[in-house]
Every structure is written in structure tokens, then in C-alpha cells.
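Read the structure below first, then the notes.
The values are calculated or read from the model by the stated rules, or taken from the named source; none is laboratory data. All values reported here derive from a predicted model rather than from experimental measurement. All Cβ positions, even for glycine, are placed from backbone atoms using ideal geometry, and neighbour counts span all protein chains on display. The protein model used for the area step is the full one, side chains on, heavy atoms only, and it has no ligands, DNA or RNA in it. Shrake-Rupley method; radii C 1.70, N 1.55, O 1.52, S 1.80 Å.
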Amino acid sequence: MNNVKDQLQRPLRDLRISVTDRCNFRCSYCMPAEVFGPDYAFLPNDKILSFEEIERLVKIFVSLGVEKIRITGGEPLLRKDLPTLIRMIHAVDGVKDIAMTTNGALLKKFAQPLKDAGLARVSVSLDSLDEDRFFEMNGRRGKVKTVLEGIEKAAEVGLQVKINMVVKKGVNDQDIVQMAEFFKEKQHILRYIEYMDVGNSNGWRLDDVVSKKDIVDKVNEFSPLQPADPNYKGEVASRFEYKDQKTEIGVISSVTDSFCSTCSRARISAEGKLYTCLFATKGTDLRELLRGELNDEAITESISSVWENRKDRYSDERNEQTIQERRKTKIEMSHIGG
Ligand code: SAM
Ligand code: SF4
Ligand code: SF4
């Protein structure tokens, strides 16, 4: 194995693979319905990486140091036969952990087959327990009740479950405490995500962000917290534990307390582009390499050199100027999946 390091000495440990650019929700902060409407041109099937191509890439990335794989989207459960892909990835020597991020709408149906195929963990996105507010936030497509059933089913079949809540000021910040209370009672890990300026469609403004500090203060007022150590170097969430119960919460504070110095994640979009940062404007076309004449060694060499040249630290450097510079040119979240 050749453990590659980038220009800032960060290793390559995690690979996030988007398996589709389509979604059954239209969350306003990710795929607003006004932009992703009925005429939106999603990728045709032949432009999306096949399972065999993904498996080949996983083997190559593992040879460069990757240990953890996260499947994402769009909504990954819309990809046909997803458990088959999980099974293929699980069989790759060196893959230590497979996780998936999902909106949970189809999780009840797929939790068992995914677990059987080798999936270990799911992060389920849920922004409110209030049906009306959730409905508005997800573009009038999904119900809280269905997502909660998916979460329960996932826990029941033995998947490790986390809940992701994107917090947007004036939209769902009134739900911070109710979510904490509900998932403390259920003993599920809840992770709050600061609303980020990913993509170009969501009209992001700094004023819409609720900071990590404000989120933690609110939860601490509901039930006192103590900081918990990271589980491993490079963990993105700051962790806290309730003082009276072992359940934890986390905050992913890409905006107010960034964590680029330990970022070991590479991302592959559904059409096979490699991105070395969530806020990247350009990717490397791996599909072209896979479908050309190159052998694994040559593709490994290309990927290795992309990582070795990596200098990304967008969130550390975020300021008015960088925001303006990239305003229209970033990759959409629904293409690389967070
Ligand atoms: N569809 C799946 C889901 O929603 O879980 C997977 C893909 S989604 C792009 C991955 C994660 O990114 C979700 O937890 C979502 O809430 C989060 N996300 C999307 N847009 C975001 C934004 N502008 N700021 C912060 N998080 C965002
Ligand atoms: Fe779909 Fe997930 Fe984006 Fe919401 S956050 S629109 S569920 S991809
Ligand atoms: Fe990693 Fe880019 Fe996020 Fe920094 S901004 S943590 S480099 S993905």
C-alpha cells in the first residue's frame, strides 16, 4: 500500500461516493425546486459510473490509504440494486467501514438488505420533527413519520444510526431543542450541521447560519453537556455528551469552526469526477480514465498525483472574497453528496 499525503501532509483515508445525482426530495438548501424542476437535466444512465467501475475505483483508493467508504447522492436509495454495490465494496480487501447518508424516505424497505450486504452505519437526514416545517424544507415531498420509521428499522436491524440536522436560521432553529430531547430519549446520536455555502443554487448568506456555539448553548440549557474527545483524528463533528446520560450529540461547524487541517476525504461524483474539497470548482474525470485504455497502475498514478498536489482549505480561508470568487462555479451538493 502506498499511503499518499497531500501538500499539507493530510493522508487520504475516506472516500465518499455519490451513486446518483437524483433525489426524491427538494431540500431548499441543497436542490431547491425552483432550480431542480421538471425540466432539469439529470445525468443519463450511461454517464453514471457502473457498479464495476465503482468497485475498481474502491480497490485503487484502498491501495492509496482509504479505509472508509461512504455512499451518498442525491438520494443513494434511488440507485437500483444498491445492496449489490454494498456487497461488492464490502468484499474489497482493506475496506474497514461502509456508511451511507440518506434522507431516510426509503430506509425502512432497504435497511435489512443493506445490513445483510455489509453496510455498517447510516446517517439519516432529518431537519425537524414538525411535519409542516419538514415538508416545507424538503420541497413538499417527505414525511417525518416515514423517516422516523426508517430510523427505527435501521436501528432494529443493527445498523449504527446517526441523525443529521441542517440548521437554518429562521427556518428550523426553533427545533434544535426538540430534536435534542427526542433523540436523547431514543439514545440516537444527533448531529447538527451548520448551513454551508455549498453549490450555487441555495442563495446562501452568512446571516442564515446558526453557529456551533449557539447550537451547543441551546442544547446545554436543555440538558447540560460535556465535551467528548474525537473518536479518531479527522473526525468532522465536535462531540459532546450529556452529563446525565451517555448519549452524544455532535456539531459539524464548517462555517464557524472549520476543520480543514485534518480533512482526509476525497469525493467522487455520480458521473465519476474526483473532487478533493466539498467546495471545489473543478474535478478530475475518472470516468474517462476508467473507460479508456489505462490499466489500474496508470489510474492509481493519476489519482495519487491529484492527492499529492492537493492544497484545499476552503473553509479555513472562507471570507467575502473567496465566497464571491466561487459564487457561480462550485460543484452542487447533490452531485457529490456532502
Ligand atoms: N440525500 C441524502 C441525504 O439528504 O442525507 C444524501 C445526500 S445529502 C447532499 C448529504 C448531506 O448533506 C445531508 O445530511 C444534507 O442535509 C447535507 N446538506 C445538503 N446541503 C447542505 C448545506 N447547504 N449545508 C449543510 N448541509 C447540507
Ligand atoms: Fe436530496 Fe439529500 Fe439534497 Fe435533500 S439534502 S435534496 S434529500 S440530496
Ligand atoms: Fe475538507 Fe474542503 Fe471541507 Fe476544508 S473545506 S474540511 S478541505 S472539504
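Within the range 211-279, which trypsin sites (Lys or Arg not before Pro) sit in a loop by DSSP and count at most 11 neighbouring Cβ atoms inside 10 Å?
Of the trypsin sites (Lys or Arg not before Pro), the ones in loops of the range 211-279 whose Cβ has at most 11 other Cβ atoms within 10 Å are K233, K243, K246.
Using the basic label-point model (7 angstrom from Cα toward the beta carbon), what is the D130 to N309 distance in nanometres?
So the label points at D130 and N309 sit 4.9 nm apart.
For K109, list the aspartates and glutamates whose Cα falls under 14 Å from its own Cα; do not include residues on the same chain fewer than 8 positions away.
Reachable aspartates and glutamates: D81, E149, E152, E156.
Over every pair of different alpha-carbon atoms in the chain, take the mean of 1/r and invert it; report that Kirkwood radius in Å.
Across the chain, the inverse of the average 1/r is 20.3 Å.
Antiparallel DSSP bridges in the chain: what percent, to the nearest 5?
Counting DSSP beta bridges with both partners in the chain, the antiparallel share is about 30 percent.
222 nm [θ] for the chain, helices only, -39500 (n - 2.57) per DSSP H run of 4+, per residue, to 500?
Counting only the DSSP helices, I get -9000 deg cm²/dmol.
Express in Å², to the nearest 10, the accessible area of M88 obtained by rolling a 1.4 Å probe over the protein heavy atoms while all chains stay in place.
Near enough 40 Å² of accessible area.
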